[in-house]
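> The structure that follows is given in the form of structure tokens.
The values are calculated or read from the model by the stated rules, or taken from the named source; none is laboratory data. As the structure is a prediction and not an experimental result, all values here were calculated from the model. All Cβ positions, even for glycine, are placed from backbone atoms using ideal geometry, and neighbour counts span all protein chains on display.
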Amino acid sequence: MSDILDASSVLEVLRPVQDPELRKSLVELNMIRNLKIEDGNVSFTLVLTTPACPLREFIVEDCQKAVRQLPGVKDVAIAVTAETPQQKGVADRTGIPGVKNILAISSGKGGVGKSTVAVNVAVALAQSGAKVGLIDADIYGPNAPMMLGLADAKVIVEQTAQGELLEPAFNHGVKLVSMGFLIGKDQPVIWRGPMLNGIIRQFLYQVRWGELDYLIVDMPPGTGDAQLTLIQAVPMAGVVIVTTPQNVALLDSRKGLKMFQQLGVPVLGIVENMSYFIPPDMPDRQYDIFGSGGGEKTAAELGVPLLGCVPLEISLRQGGDRGLPIVVAEPDCASAKALSAIAQRIAGKVSVAALA
């Protein structure tokens, strides 16, 4: 260790400190910037790969411990920021300008709470400081506007030389486009596949998304036209599969997962929703209404991570109905904590894949 307190000696002691998810040196990853030394006071900027980094405090602590080893150090000041890496492009697919990472929240079966997970993950990422967009790609049953408190919002359609351009609605830090903005409240969408393909492409390419760290696509259930359109149109950072512990849901989720794998989309992991019920009058009790351990078993069998288990709480359902996602309405409840942790894990896996 050098006895001279200068930039080289600081970087030398920081070199062994690694990003726990990327397992690479912070120095080698160029995550240490704006290093300054003045009268024994060391300051620098730590640039994380996602604002939603779950290990942020541990990394800062490791950096402080490393620098304080140097003789002559009086204080260590670390400013933390983030630069979300851009996902890798795919030759035959067209990215969206300004959008760094596109990921899908999908399921094989309806009714497993996929939209609840998608909306709360999007809001949780936005709460961390990320720029987030959400496409409600469930064209036949668009629920995201209600869940985000945008049921009465109107989307502005601008006529440009390139065609129609949509201005997304915005709430809770998330930009949203949905078929729900374009049809009446009770109006059914009675379309065949080609029309579905057209509207999903419009939601991808004909929207003023601006700069986004993450564009989340809330998929309809199944393995049909919507999934194929998305996969064939844009390069995807990955997909998250949502299921319940119930065997029927798990059977369908396996098919959905295999579809994405066969088409070359990385599976980031499985989320087990409705893992157990917590009665509001007995918060210490848990009831396995839909069985238990199904998500963990399926993840192990298929060789993908279990990103987390979300309990079923009445407040979670109430938040969706009121347009207040649970991570906003009751951030300290069990389901909100689980969803926030899942959002952090998703962001971490996206960064690892982008920098691999």
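> With the requirement that a residue be assigned to a loop (DSSP other than H, G, I, E, B), surrounded by fewer than 16 Cβ atoms within 10 Å (Cβ to Cβ) and in contact (Cβ under 8 Å) with a residue 12 or more places away in the chain, what does the stretch 293-304 give you?
Once the filter is applied, which keeps residues that are assigned to a loop (DSSP other than H, G, I, E, B), surrounded by fewer than 16 Cβ atoms within 10 Å (Cβ to Cβ) and in contact (Cβ under 8 Å) with a residue 12 or more places away in the chain, the stretch 293-304 yields only 293.
> Based on this model, can you work out whether residue 268 counts as surrounded by fewer than 20 Cβ atoms within 10 Å (Cβ to Cβ), among the aliphatic types (A, V, I, L, M) and under 20 Å from residue 90 (Cα atoms)?
no
> If a residue has to be among the hydroxyl-bearing types (Ser, Thr, Tyr) and more than 30 Å from residue 24 (Cβ to Cβ) to count, how many in the stretch 298-356 make the cut?
Residues in the stretch 298-356 being among the hydroxyl-bearing types (Ser, Thr, Tyr) and more than 30 Å from residue 24 (Cβ to Cβ): 3 in total.
> Within the stretch 261-278, does at least one residue satisfy the condition of being acidic (Asp, Glu) and either on the phi > 0 side of the Ramachandran plot or assigned to a helix (DSSP H, G or I) (or both)?
For the stretch 261-278, residues acidic (Asp, Glu) and either on the phi > 0 side of the Ramachandran plot or assigned to a helix (DSSP H, G or I) (or both): absent.
> On to the next question. Could you go through the stretch 67-89 and let me know if any residue there is farther than 29 Å from residue 14 by Cα, part of a loop (DSSP other than H, G, I, E, B) and touching a Phe, Trp or Tyr at 6+ places or on another chain (Cβ under 7 Å).
Within the stretch 67-89 (the criterion being farther than 29 Å from residue 14 by Cα, part of a loop (DSSP other than H, G, I, E, B) and touching a Phe, Trp or Tyr at 6+ places or on another chain (Cβ under 7 Å)), the answer is no, since none of the residues qualifies.
> So if I check each of 276, 287, which one is among the aromatic types (Phe, Trp, Tyr) and surrounded by 14 or more Cβ atoms within 10 Å (Cβ to Cβ)?
276
> So, one more: State all residues of the stretch 305-335 that are more than 22 Å from residue 265 (Cβ to Cβ), surrounded by 24 or more Cβ atoms within 10 Å (Cβ to Cβ) and at pLDDT 95 or above; if no residue qualifies, say none.
310, 325, 326, 327, 335
> Which of the residues belonging to the stretch 233-259 are under 21 Å from residue 86 (Cα atoms) and touching a helix residue (DSSP H, G or I) at 6+ places or on another chain (Cβ under 9 Å)?
Once the filter is applied, which keeps residues that are under 21 Å from residue 86 (Cα atoms) and touching a helix residue (DSSP H, G or I) at 6+ places or on another chain (Cβ under 9 Å), the stretch 233-259 yields 233, 234, 236, 237, 238, 239, 240.
Listed here are the residues, each with its yes/no results for (1) buried (at least 18 other Cβ atoms within 10 Å of the Cβ); (2) among the polar types (S, T, N, Q); (3) free of Cβ contacts under 8 Å to residues at least 24 places away in the same chain.
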residue: 151; (1), (2), (3): no, no, no
residue: 154; (1), (2), (3): no, no, no
residue: 160; (1), (2), (3): no, yes, yes
residue: 197; (1), (2), (3): yes, yes, no
residue: 218; (1), (2), (3): yes, no, no
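> Just one of the numbered conditions (1) touching a residue at least 12 places away in the same chain (Cβ under 8 Å); (2) assigned to a helix (DSSP H, G or I); (3) over 25 Å from the mean Cα position of the chain (by Cα); (4) surrounded by fewer than 21 Cβ atoms within 10 Å (Cβ to Cβ) is not true of residue 60; which one?
(3)
> Can you tell me which residues in the stretch 178-193 are surrounded by 10 or more Cβ atoms within 10 Å (Cβ to Cβ) and either more than 30 Å from the chain's Cα centre (by Cα) or assigned to a loop (DSSP other than H, G, I, E, B) (or both)?
Scanning the stretch 178-193 gives 182, 183, 187, 189, 191.
> Return the residues of the stretch 2-40 that are at positive phi and either modelled with pLDDT under 95 or surrounded by 13 or more Cβ atoms within 10 Å (Cβ to Cβ) (or both); say none if nothing qualifies.
Once the filter is applied, which keeps residues that are at positive phi and either modelled with pLDDT under 95 or surrounded by 13 or more Cβ atoms within 10 Å (Cβ to Cβ) (or both), the stretch 2-40 yields 23, 30, 39, 40.
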